[in-house]
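Participant: I'd like to ask you about the structure that follows.
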Amino acid sequence: MDNLDAGPDAGLVGALRIAPSILAANFGALANAIQVVDAQTDWVHVDVMDGHFVPNISIGPPVVQSLRPYSTRFFDCHLMISDPARYLEAFKKAGADGCTVHVEVGNTASLISDARALGLRVGLAANPNTPFDAVVPFLGDIDLLLLMTVFPGFGGQSFMGDVMHKVTLARKEIDAAQLALNLEVDGGIDRDTAPIATRAGANVLVAGSAIFNQLSPLAAAQALREAALAGQR
């Protein structure tokens, strides 16, 4: 598989993208984990949690920096933190390609502007109970819309099918306005739910447990891709 997301066009809107979430990988061997699945990886998804915005703590810029030499893939950093403005530059310097902030944090326009000024691809995330209207004003200013299919904070949660209504609304809005915008889903994505998500209009799928908690993570990623493609047909 060609590396769709290396070089100056990294992160541009295109075909289906599989984004393994390292939150579910062995933290003692993260470099090896991302290399094992590289052949079926488009983006590497990095879940960043601060224990404030979400009830868990994960990793930060030093881990991104340590992993950067081991992958040429697009590093998709999901900042589930209360004060993302404080850390955007650190993630950029560490090797992040894109940073996604939550609309629930507030100061959205300023955060988008700050991330753009740093040369980051800009993402905006919304929790399952956040109305779609909350993100609509910003769709023309971002590169990625992430609609959470679980409440963020912990891996291994069950997919919330009700969110597909928002995914469908987002896809209609994106297409109608002809926006160059990737539509991502994260939470409970596996071989069964991947085609549901792509059928609704998502083109970037984040999966953790369904890849890294399997006997063969590479085979699991390939099976996830095939299931997701089936939903697009």
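Participant: Applying the selection to the stretch 5-27, what residues are at pLDDT 80 or above and either farther than 21 Å from A220 by Cα or not in a helix (DSSP H, G or I) (or both)?
Facilitator: A15, L16, R17, I18, A19, P20, S21, A25, N26
Participant: Could I ask something else about it? Report yes if some residue within the stretch 175-195 is crowded, with 16+ Cβ neighbours inside 10 Å, over 14 Å from the mean Cα position of the chain (by Cα) and more than 30 Å from Q214 (Cα to Cα); otherwise report no.
Facilitator: Yes, that holds for at least one residue.
Participant: Then there's this: Count, please, the residues in the stretch 61-76 that happen to be touching a Gly at 6+ places or on another chain (Cβ under 7 Å) and more than 14 Å from G119 (Cα to Cα).
Facilitator: So the answer is 3.
Participant: May I ask you to list the residues in the stretch 40-67 that are within 12 Å of L79 (Cα to Cα) and hydrophobic (A, V, I, L, M, F, W, C)?
Facilitator: Listed by number, the residues that qualify are V46, V48, M49, F53, V54, I57, I59.
Participant: Let me ask you something else. I need a count of the residues in the stretch 118-131 that are in contact with a strand residue (DSSP E or B) (Cβ under 8 Å, 6 or more places away or on another chain) and more than 25 Å from W43 (Cα to Cα).
Facilitator: Final tally of qualifying residues: 0.
Participant: Quick one: which residue in G106, G95 is among the small types (G, A, S), within 18 Å of the chain's Cα centre (by Cα) and modelled with pLDDT of 95 or more?
Facilitator: G95
Participant: Also, quick follow-up: Residue under question is I174, and the condition is that it be out of contact with any His (no Cβ under 9 Å at 6 or more places or on another chain), free of Cβ contacts under 8 Å to residues at least 60 places away in the same chain and under 17 Å from V44 (Cα atoms); does it hold?
Facilitator: no
Participant: Restricted to the stretch 53-72, and to residues that are part of a helix (DSSP H, G or I) and β-branched (V, I, T), which residue is surrounded by the fewest Cβ atoms within 10 Å (Cβ to Cβ)?
Facilitator: Top of the filtered list is V63.
Participant: Within the stretch 116-133, identify whether any single residue is closer than 14 Å to A170 by Cβ, charged (D, E, K, R) and either buried (at least 22 other Cβ atoms within 10 Å of the Cβ) or out of contact with any His (no Cβ under 7 Å at 6 or more places or on another chain) (or both), and answer yes or no.
Facilitator: The answer is yes, given that some residue of the stretch 116-133 is closer than 14 Å to A170 by Cβ, charged (D, E, K, R) and either buried (at least 22 other Cβ atoms within 10 Å of the Cβ) or out of contact with any His (no Cβ under 7 Å at 6 or more places or on another chain) (or both).
Participant: Filtering the stretch 170-195 down to residues that are in contact with a Gly (Cβ under 9 Å, 6 or more places away or on another chain) and aliphatic (A, V, I, L, M), which residue is nearest to D133 (Cα to Cα)?
Facilitator: This residue is A170.
Participant: Scan the stretch 89-97 and give yes if some residue there is closer than 30 Å to V36 by Cβ, in contact with a Pro (Cβ under 8 Å, 6 or more places away or on another chain) and of a type in the set (F, W, Y), otherwise no.
Facilitator: Taking every residue of the stretch 89-97 in turn, at least one turns out to be closer than 30 Å to V36 by Cβ, in contact with a Pro (Cβ under 8 Å, 6 or more places away or on another chain) and of a type in the set (F, W, Y).
Participant: If you scan the stretch 71-114, which residues turn out to be of a type in the set (F, W, Y) and under 24 Å from R17 (Cα atoms)?
Facilitator: Scanning the stretch 71-114 gives F74, F75, F91.
Participant: Tell me which residues, restricted to the stretch 89-126, are touching a residue at least 40 places away in the same chain (Cβ under 8 Å) and under 11 Å from D143 (Cα atoms).
Facilitator: Residues satisfying the conditions are G98, T100, R121, G123.
Participant: Give all pairs with beta carbons closer than 9 Å in which a residue from the stretch 3-26 that is farther than 20 Å from L120 by Cα and surrounded by fewer than 17 Cβ atoms within 10 Å (Cβ to Cβ) meets a residue that is at pLDDT below 55 and not small (G, A, S); count only pairs at least 6 apart in sequence or on separate chains.
Facilitator: A15/L4
The values are calculated or read from the model by the stated rules, or taken from the named source; none is laboratory data. None of the values given here were measured: they were computed from a predicted structure. All Cβ positions, glycine included, derive from the backbone under ideal geometry; neighbour counts span all protein chains shown.
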